[in-house]
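**Q** Structure in structure tokens, see below.
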Amino acid sequence: MVLDISKLINNEGSSIQISRDASFDRVEFNGQNISFTSPMHLEGDIKNIDGLLYMVLSCNAGYVSQCSRCLAPVESKLDFTIKEVFSKTELENENDDVIILNSNEIDLKEIAEQAFCCALPITDLCSEDCKGLCPVCGCNLNHETCSCETDDIDPRLAALKDFLK
Ligand SMILES: [Zn+2]
Ligand SMILES: [Zn+2]
């Protein structure tokens with residue numbers, strides 16, 4: 001999904017409307033294996049203002065990640081905004097926020113993937129009170145109970161536990 005910006009780059013004041021769907025098979029981020037329930041939708045424009053290209057896109061995607069506690073699949077929706085500034089030439093004042101283009105093309109898909117990953121919540125939970133997996137036997141404590149001893153025992157009970165040894 002490559003955008004040809006050769007006309008835009010040579011016409012100050014011009015703009016391109018963008019309304020596209022980007023399909024991703026799978027994205028890996030932070031140990032999460034993310035699949036998509038719908039194409040990612042990108043809507044907005046790129047404007048040439050004084051020779052710099054300002055891109056603002058409103059995006060949304062439906063995706064499936066894993067619960068941070070019990071690893072069950074979690075279906076979510078994410079709305080996020082992409083704001084980028086591009087320049088065809090190196091700027092006199094170095095500015096990390098400006099992406100220097102080395103061609104007349106912008107890879108929208110790559111930019112969308114990065115922005116999506118940045119916008120992802122740090123944790124997705126299947127439910128607020130997910131009990132997670134037992135750290136010892138790995139059973140799913142939402143569905144099963146086990147009799148493993150875990151170290152994160154209430155300190156008041158820990159004293160009793162030592163006493164009973
Ligand atoms: Zn869970
Ligand atoms: Zn267990």
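A short reminder: the numbers here are calculations on the coordinates, not readings from a lab. In this text the structure is predicted, and so the values were computed from the model without any measurement. Positions of Cβ are backbone-derived with ideal geometry, glycine not excepted, and every protein chain shown enters the neighbour counts.
**Q** In the chain, if the dipole is taken from +1 on Lys/Arg beta carbons and -1 on Asp/Glu beta carbons about the Cα centre, which of CYS70, LEU53, LEU8 is farthest to the positive end?
**A** Most positive-ward Cα: CYS70.
**Q** Using modelled amide H (1.01 Å from N, peptide plane; none on Pro or chain starts), what sits under 5 Å from the amide H of ASN142, excluding residues fewer than 5 places away?
**A** Answer set, sorted by chain and number: LYS131, GLY132.
**Q** Percent of alpha carbon pairs in segment 2-128 separated by more than 23 Å?
**A** Tail fraction, whole percent: 40.
**Q** Where does each of 87-97, 124-134 land if you order them by average Cβ count within 10 Å, highest first?
**A** Ranked by mean Cβ neighbours within 10 Å, highest first: 124-134, 87-97.
**Q** Between GLU75 and VAL2, how high is the FRET efficiency from 1/(1 + (r/R0)^6) when r is the Cβ-Cβ distance and R₀ = 35 Å? Nearest 0.05.
**A** Details: r = 30 Å, r/R0 = 0.86.
Taking R0 as 35 Å, the efficiency between GLU75 and VAL2 is 0.70.
**Q** Past 32 Å, Cα to Cα, is the threshold; run LYS83/LYS131; LYS7/LYS77; LYS77/LYS131 against it and keep the listed order.
**A** LYS83/LYS131; LYS7/LYS77
**Q** Mind checking the angle between helix 108-119 and the chain's longest principal axis? C-alpha axes, 0 to 90 degrees, to the nearest 10.
**A** Here the helix axis deviates by roughly 40 degrees.
**Q** Turning to a different aspect of this structure: Helix 155-164: angle to the longest alpha-carbon principal axis of the chain, degrees 0 to 90, nearest 10?
**A** 30
**Q** Based on a Kirkwood Rh over C-alpha pairs, give the Stokes-Einstein translational diffusion coefficient of segment 77-142 at 37 °C and viscosity 0.692 mPa s in µm²/s.
**A** Rounded to a whole number, D works out at 206 µm²/s.
**Q** Pull up all non-local amide H partners of VAL74: gap of 5 or more, or a different chain, and H-to-H distance under 5 Å with H placed in the peptide plane.
**A** SER65, GLN66, CYS67
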